[in-house]
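The values are calculated or read from the model by the stated rules, or taken from the named source; none is laboratory data. Remember, predicted model here, so these are calculated numbers, not experimental data. Here the Cβ positions follow ideal geometry from the backbone for every residue, glycine too, while neighbour counts run over all protein chains shown. Heavy atoms of the whole protein, side chains included, go into the accessibility calculation; ligands, DNA and RNA do not. Shrake-Rupley method; radii C 1.70, N 1.55, O 1.52, S 1.80 Å.
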Amino acid sequence: MGDYAKALGSKLRAIRQQQGLSLHGVEQKSGGRWKAVVVGSYERGDRAVTVQKLAELADFYGVPVAELLPEGRVPSGAEPATKVVINLERLQQLPAEKVGPLARYAATIQSQRGDYNGKVLSIRTEDLRSLAIIYDMTPGELTEQLIDWGVLPPEARPAREE
């Protein structure tokens, strides 16, 4: 098996271990549906796992299928991991009661990266999704709000399919 199978197996193992399950624990908890030897072979990358089995394992572990996929690979048809560029200068001009969560989030990312240029900050689409939850909006609504505030350029609007 290739590197992808091994990376997928590592993700499977990490999820299982996060849940405090041994391979035998998976077999017991699943009532024999998932045999320890089979799950172990998936985790080592020795055995190919079908999309159907992967979906069933994700359901068993209670996680989205995407959490089991190795990073760096975007399944066909999935949204690409695009970057969102925040205008930090504009962000600082806005009232804290409006942009407090975004400002704190940006400051944390800057601190983690050691990036204090102060002009712009690139974040992932996934970060935008997290921020949308904090603001109790959809990612699209938050994008529109950030464009209205001048924190994102109008080009940040997702292309509309016709």
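One table, with the values for the structure above:
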{"item": "Segment 16-61: number of residues that are open to solvent by less than 50 Å² (accessible area, probe 1.4 Å), under 19 Å from residue 3 (Cα atoms) and either in a helix (DSSP H, G or I) or not aliphatic (A, V, I, L, M) (or both)", "result": "8"}
{"item": "Test: residue in segment 20-40 that is aromatic (Phe, Trp, Tyr) and in contact with a Gly (Cβ under 8 Å, 6 or more places away or on another chain)", "result": "no"}
{"item": "Qualifying positions in segment 1-15 - open to solvent by less than 100 Å² (accessible area, probe 1.4 Å) and of a type outside the set (Gly, Ala, Ser)", "result": "4, 6, 8, 11, 12, 13, 15"}
{"item": "Every pair of residues 6+ apart whose Cβ atoms lie under 6 Å, when the first sits in segment 1-12 and is free of Cβ contacts under 8 Å to residues at least 40 places away in the same chain while the second is among the aromatic types (Phe, Trp, Tyr)", "result": "9/42"}
{"item": "Selection from segment 1-15 of residues that are hydrophobic (A, V, I, L, M, F, W, C) and in a loop (DSSP other than H, G, I, E, B)", "result": "1"}
{"item": "Residue match in segment 113-127 (condition: over 11 Å from residue 85 (Cα atoms), assigned to a helix (DSSP H, G or I), within 23 Å of the chain's Cα centre (by Cα) and without any contact (Cβ under 8 Å) to a residue 12 or more places away in the chain)", "result": "yes"}
{"item": "Among (1) open to solvent by less than 20 Å² (accessible area, probe 1.4 Å); (2) in contact (Cβ under 8 Å) with a residue 24 or more places away in the chain; (3) within 16 Å of residue 84 (Cα to Cα); (4) not in a loop (DSSP other than H, G, I, E, B), the one test that residue 142 misses", "result": "(2)"}
{"item": "Evaluation of residue 64 against (1) at pLDDT below 90; (2) open to solvent by 80 Å² or more (accessible area, probe 1.4 Å); (3) over 29 Å from residue 131 (Cα atoms) (one fails), failing number", "result": "(3)"}
{"item": "Of all residues making up segment 108-136, the number that are open to solvent by less than 60 Å² (accessible area, probe 1.4 Å) and aliphatic (A, V, I, L, M)", "result": "6"}
{"item": "Residues (modelled with pLDDT under 90 and in contact with a Lys or Arg (Cβ under 7 Å, 6 or more places away or on another chain)) located in segment 85-122", "result": "122"}
{"item": "Among (1) open to solvent by 70 Å² or more (accessible area, probe 1.4 Å); (2) farther than 29 Å from residue 66 by Cβ - the single one residue 91 does not satisfy", "result": "(1)"}
